[in-house]
Amino acid sequence: MSAPIPWDHVVVASAFSLYGAWLFVHNWSKARHVADTPTSKIRSAAQGFTELCGVLQEDPRQPLLEAPLTASRCLWWHYRIEEYRRSGKSGRWHLLESASSEQPLRLRDATGECLIEPKGAEVITAHRRVWTGSARHPRGLAQQSLLGRLMSSGRYRYTEERLHPGDPLYALGEFLSVGGGRDAHAGVGKGQVIREWKQDYPNLLQRFDADGNGQLDLDEWEGVQLAAEQEVQNRRRQAALAPVQHRLVKPGEGRPFLLSTRGEEALVQRYYWKGIGSALLCLVSALVAAASLLGKL
């Protein structure tokens, strides 16, 4: 009589195989986006999915942020606090809390500046600290002496990542520009202006009801139309005079949003190697599932 098929092994191995396949496609796609998207200058970048390279600048109108775990001054931070928990003879780290700052970043290249909205971005930075300690909130423990860190219980693990002024930055995301005449002929039209005026109808009557009968006749509506057209032209002139503002935000359609202090070549290699590791996970897990079905485990 043959041994029963270990379906628990098959299910777990199959799940890991599918997960590895998904990771492979995900990382390989990121590598191709980074490799195939040409680098643009901020001033002349086309609207849409764009790759930029520059240096992070401090905004003189905003104070630097304070990183939650180390109190370091920075432009962006992310932290994670984990607790080590045992279950029988084994143990693992459990996430307790994590957060990231969302204040816009100011990127400058030789041609101009771009504000980056970091929410939703994958951020890779050289300023990364990982350490352990006995307190859940370790303010200042990253600067603790080596002896102090060795003597701590290590029940909690802390990770903090930061971006600082002067850091080189590679950025891949959705590029948008407003002002500078780009949208002088778009947006509000005559009909919208009239609808806005109708929301304050008593004021509209006061302006255009020449005979004071409480209604707008055909001649008076012609005056409304002409005034609305003039208002549209005034708004377009103001839009044309407004300084251009560039922004980089999270793109749609499943495209990656990447911010990194590493260069393009290092990023491509990073995602290729992660893709290869994911493919190996997929292959090994598939072999384990097949062997389980054949009764070899």
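The values are calculated or read from the model by the stated rules, or taken from the named source; none is laboratory data. Just so you know, these numbers come straight off a predicted model, no measurement behind them. Heads up, the Cβs are rebuilt from the backbone with ideal geometry, glycines too, and the neighbour counts pull from every protein chain shown.
Computed quantities for the displayed model
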{"item": "Those residues of region 58-83 which are in contact with a Leu (Cβ under 9 Å, 6 or more places away or on another chain), of a type outside the set (Ser, Thr, Tyr) and not in a strand (DSSP E or B), in sequence order", "result": "Glu58, Asp59, Leu64, Leu69, Leu75"}
{"item": "Test result for Val249, touching a Ser or Thr at 6+ places or on another chain (Cβ under 7 Å) and either among the hydrophobic types (A, V, I, L, M, F, W, C) or farther than 30 Å from Lys30 by Cα (or both)", "result": "no"}
{"item": "Residue count, region 220-240 (criterion: closer than 18 Å to Leu204 by Cβ, among the hydrophobic types (A, V, I, L, M, F, W, C) and surrounded by 14 or more Cβ atoms within 10 Å (Cβ to Cβ))", "result": "4"}
{"item": "Unmet criterion (only one of (1) polar (S, T, N, Q); (2) assigned to a loop (DSSP other than H, G, I, E, B); (3) touching a strand residue (DSSP E or B) at 6+ places or on another chain (Cβ under 8 Å)) for Ser98", "result": "(2)"}
{"item": "Filter result for Gly275 (closer than 17 Å to Gly20 by Cβ and not hydroxyl-bearing (Ser, Thr, Tyr))", "result": "yes"}
{"item": "Matching residues, region 256-286, being basic (Lys, Arg) and either out of contact with any Ser or Thr (no Cβ under 9 Å at 6 or more places or on another chain) or in a helix (DSSP H, G or I) (or both)", "result": "Arg270, Lys274"}
{"item": "In region 216-255, residue farthest from Trp77 (Cα to Cα) [restricted to those that are part of a helix (DSSP H, G or I) and of a type in the set (Gly, Ala, Ser)]", "result": "Gly223"}
{"item": "Test: residue in region 62-84 that is at pLDDT below 90 and touching a strand residue (DSSP E or B) at 6+ places or on another chain (Cβ under 7 Å)", "result": "no"}
{"item": "Set Val123, Val130: member being over 24 Å from Pro251 (Cα atoms), in the same structural domain as Ser260 (by TED's automatic domain parsing) and assigned to a strand (DSSP E or B)", "result": "Val130"}
{"item": "Candidate set: region 77-109, residues that are more than 16 Å from Gln57 (Cα to Cα) and of a type in the set (S, T, N, Q); chosen: the one surrounded by the most Cβ atoms within 10 Å (Cβ to Cβ)", "result": "Ser101"}
{"item": "Positions within region 21-52 being part of a helix (DSSP H, G or I) and among the acidic types (Asp, Glu), in sequence order", "result": "Asp36"}
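So that you can scan it fast, the table gives a plain yes or no per residue for (1) in contact with a Phe, Trp or Tyr (Cβ under 9 Å, 6 or more places away or on another chain); (2) part of a helix (DSSP H, G or I); (3) at pLDDT 55 or above:
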| site | (1), (2), (3) |
| --- | --- |
| Arg139 | no, no, yes |
| Leu147 | no, yes, no |
| Leu150 | no, yes, no |
| Thr159 | yes, no, yes |
| Leu169 | no, no, yes |
| Ala184 | no, no, no |
